Amino acid sequence: MKFRSLQTLCSLSFFFVAIHFVVAFSTPLTANADSPNASESASRPNVLFMISDDLNCRLGCYGDPLVKTPNIDRLAARGVRFENAYCQFPLCGPSRNSMLCGLYPDATGILRNAEIFRQSIPQHISLPQAFRLSGYFAARIGKLYHYNVPNSIGTNGHDDPGSWEMEINPAGCDRMIEESDIFTLKKNSFGGTLSWYASPRPDAEHTDGMMAEEAAWVLERCAKRKDRPFFLAVGFFRPHTPYVAPKEYFEPYALDEMPLYDDVEQDRLDLPAPALMSHKREHDLLNDDLRRQAIQAYYASTTFMDAQVGKVLDALDANGLSDNTIVVFTSDHGYHLGQKGLWQKQSLFEESARVPMIIAGPGFDGEGKAAEAPVGLIDLYPTLADLCDVEAPSNLAGQSLSPILNDVSEPGRGYTISQVMRGRSIEQDAFLGYSIRTPQYRLTLWDDGERGIELYDHQADPLEKRNLAYRSDSSDIDPATQTTIDSLAKTLRNQIKEATPKEGRPMVLQTDWAPNLTNP
């Protein structure tokens, strides 16, 4: 299906969204008896929650020498940058459901994409829903829960209507016009396959560019409502595949400067088989030229997304909202670009599990500093509820990061946990891997250690080159290392038990439905 004019589509979308916005802001929120009054609501900070899709920590403020991210960098300069932040599941849907529920995946029951927590724990109150119930205007632009990218762009995706008072779902040229021009390793596959395109069209015609414009429009109107705080979530799609961005964002990245790994085979020798099961067959088609093209396109998409972050931050400033708004920037998980021969996500290595996380806001003593404590996306719900005096469910598994925001030397909980599934479903003989990350170590147990163990000392080996738990035919693990493994494994197992409800992991009501704007 082709549209004669993308601008015509955008105009129609804007018209209907405008009606939605007027209704949303002119109709009082139905509140319970404990909801705060107008003066109490007005005194609480706003929240601008921005999340990128499939973004790793190759960013300027995280020390990357190549990737240009001036706007994320300026947010970090006025906020707290969490150096060791991790997702709870390195796959979009499970990670986002965990983050927005404040629960580990074993408590949401969501271990795959295309599922939503309402299918497993329907009575749970999500993060934005808690803000709505507390009197906030809660709006979403783009992807917050799961979407089939790119097919579900322009729809609500696998989203939760109860979480938002308003949803805006732009669909730009990257979705509506350019798919036939995109290079892909697997014919007619874009979202799960390495694919890229340098677009001749400007920012404003791309989905993320349209989202930035919509965010500015929403912020302008929120600024006029002094009596009601807002929770605005903006979910950018880039740099998720396909890596599509205006061609000008490709130009700073020379192909011959794109970093490749030359020790892949050596780096894989001490790894158990499940550690490498995120590898896809089409990745075998990559040669060095294609690898450089893929990395260039990923970097270009990152810088393009960063430019849209800048437009939203500029709108926040222009509307006089910065002094009373907490800004969060993060990603749903990290991303491999060739390390250990892996690409994309779903591993429990640092590159896949680690995420950027920046929190900026009024009155934080840690402004412009980096916090080293290991934290998780699961901590964002209790943190924002704490900072905004919003009532949250009593069963949240995360910790409030408020103490760290005021003193970046605070150790917090001291660890964070990630997990991933190998196989299609637990009901069909799949198994889980769990990883615990402390300030010094990462320990990973595959099938509770039955199918492999990994231990990395990040003080001596930040790139996870040497698996200290590897046992060759001619050597045993030294006693000190074994003691470390035993201690970390005990903590990990205890936390897994604590995170899983007593009645067991919730079952998910199955559905095969996936929204598609152009082919419903």
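If you filter the range 484-508 down to residues that are more than 26 Å from PRO439 (Cβ to Cβ) and touching a residue at least 24 places away in the same chain (Cβ under 8 Å), you find that the one that is most open to solvent (accessible area, probe 1.4 Å) is MET507.
Among the residues in the range 309-317, are any within 19 Å of TYR253 (Cβ to Cβ) and either in contact with a strand residue (DSSP E or B) (Cβ under 9 Å, 6 or more places away or on another chain) or surrounded by fewer than 24 Cβ atoms within 10 Å (Cβ to Cβ) (or both)? Checking the range 309-317: at least one residue is within 19 Å of TYR253 (Cβ to Cβ) and either in contact with a strand residue (DSSP E or B) (Cβ under 9 Å, 6 or more places away or on another chain) or surrounded by fewer than 24 Cβ atoms within 10 Å (Cβ to Cβ) (or both).
Per the conditions (1) open to solvent by less than 50 Å² (accessible area, probe 1.4 Å); (2) within 30 Å of TYR470 (Cα to Cα); (3) touching a Leu at 6+ places or on another chain (Cβ under 8 Å), the sole criterion not satisfied by LEU271 is (3). Suppose the filter is closer than 24 Å to GLU351 by Cβ and open to solvent by 20 Å² or more (accessible area, probe 1.4 Å); does TYR456 pass it? Answer is no for this residue. Evaluating ALA223 against the criteria (1) over 25 Å from the mean Cα position of the chain (by Cα); (2) closer than 29 Å to ASP289 by Cα; (3) among the small types (Gly, Ala, Ser) leaves one unmet condition, (2).
Residue count for the range 387-410, restricted to those that are under 24 Å from PRO501 (Cα atoms) and not in a loop (DSSP other than H, G, I, E, B): 0.
Looking at this structure, is SER418 in contact (Cβ under 8 Å) with a residue 12 or more places away in the chain, under 20 Å from the mean Cα position of the chain (by Cα), assigned to a strand (DSSP E or B) and surrounded by 22 or more Cβ atoms within 10 Å (Cβ to Cβ)? It is true that SER418 is in contact (Cβ under 8 Å) with a residue 12 or more places away in the chain, under 20 Å from the mean Cα position of the chain (by Cα), assigned to a strand (DSSP E or B) and surrounded by 22 or more Cβ atoms within 10 Å (Cβ to Cβ). The residues of the range 274-290 that are open to solvent by 80 Å² or more (accessible area, probe 1.4 Å), under 23 Å from LEU432 (Cα atoms) and aliphatic (A, V, I, L, M) amount to a single one, MET277. Of the listed requirements (1) open to solvent by 20 Å² or more (accessible area, probe 1.4 Å); (2) within 18 Å of the chain's Cα centre (by Cα), ARG118 misses just one: (2).
No other residue among GLY162, GLY93 is surrounded by 23 or more Cβ atoms within 10 Å (Cβ to Cβ) and either at pLDDT below 95 or in a helix (DSSP H, G or I) (or both) apart from GLY93. Can you confirm whether LEU127 is over 20 Å from SER400 (Cα atoms), open to solvent by less than 20 Å² (accessible area, probe 1.4 Å), at pLDDT 95 or above and touching a strand residue (DSSP E or B) at 6+ places or on another chain (Cβ under 9 Å)? Answer is no for this residue. Test CYS87 against the stated conditions and say whether it is out of contact with any helix residue (DSSP H, G or I) (no Cβ under 9 Å at 6 or more places or on another chain) and either of a type in the set (Ser, Thr, Tyr) or open to solvent by less than 20 Å² (accessible area, probe 1.4 Å) (or both). So CYS87 fails the test. Taken as a whole, the structure leaves GLU367 outside the set of residues that are modelled with pLDDT under 95, farther than 27 Å from ASP53 by Cβ, of a type outside the set (Gly, Ala, Ser) and outside any loop (DSSP other than H, G, I, E, B). Return yes or no: is ARG238 buried (at least 18 other Cβ atoms within 10 Å of the Cβ) and within 19 Å of the chain's Cα centre (by Cα)? Criteria met by ARG238.
Given the structure, is VAL244 aliphatic (A, V, I, L, M) and touching a Ser or Thr at 6+ places or on another chain (Cβ under 8 Å)? Here the answer is yes, as VAL244 does meet what is asked. All told, SER189 meets the bar of being of a type in the set (Ser, Thr, Tyr), part of a loop (DSSP other than H, G, I, E, B) and surrounded by fewer than 19 Cβ atoms within 10 Å (Cβ to Cβ).
Each row is one residue, and each column tells you yes or no for (1) in contact (Cβ under 8 Å) with a residue 40 or more places away in the chain; (2) small (Gly, Ala, Ser); (3) in contact with a Pro (Cβ under 9 Å, 6 or more places away or on another chain).
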| site | (1), (2), (3) |
| --- | --- |
| GLY63 | no, yes, no |
| VAL80 | yes, no, no |
| ASP106 | yes, no, yes |
| PHE137 | yes, no, yes |
| LEU144 | yes, no, yes |
| ILE153 | yes, no, yes |
| MET166 | yes, no, no |
| ASP174 | yes, no, yes |
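Every condition in (1) surrounded by fewer than 21 Cβ atoms within 10 Å (Cβ to Cβ); (2) over 30 Å from SER394 (Cα atoms); (3) of a type in the set (S, T, N, Q) is met by ASN169 except one, and the failing one is (1). Residue count for the range 387-415, restricted to those that are open to solvent by 20 Å² or more (accessible area, probe 1.4 Å) and aliphatic (A, V, I, L, M): 5. Taken together, the criteria place ILE477 among residues that are open to solvent by less than 50 Å² (accessible area, probe 1.4 Å), more than 20 Å from CYS87 (Cα to Cα) and of a type in the set (Val, Ile, Thr).
The values are calculated or read from the model by the stated rules, or taken from the named source; none is laboratory data. This one's a predicted model, so the numbers in the text were calculated from it and none came from an experiment. Cβ: placed from backbone, ideal geometry, glycine included. Neighbour counts: every protein chain shown. Surface areas here come from the heavy atoms of the whole protein model, side chains and all, with no ligands, DNA or RNA. Shrake-Rupley method; radii C 1.70, N 1.55, O 1.52, S 1.80 Å.
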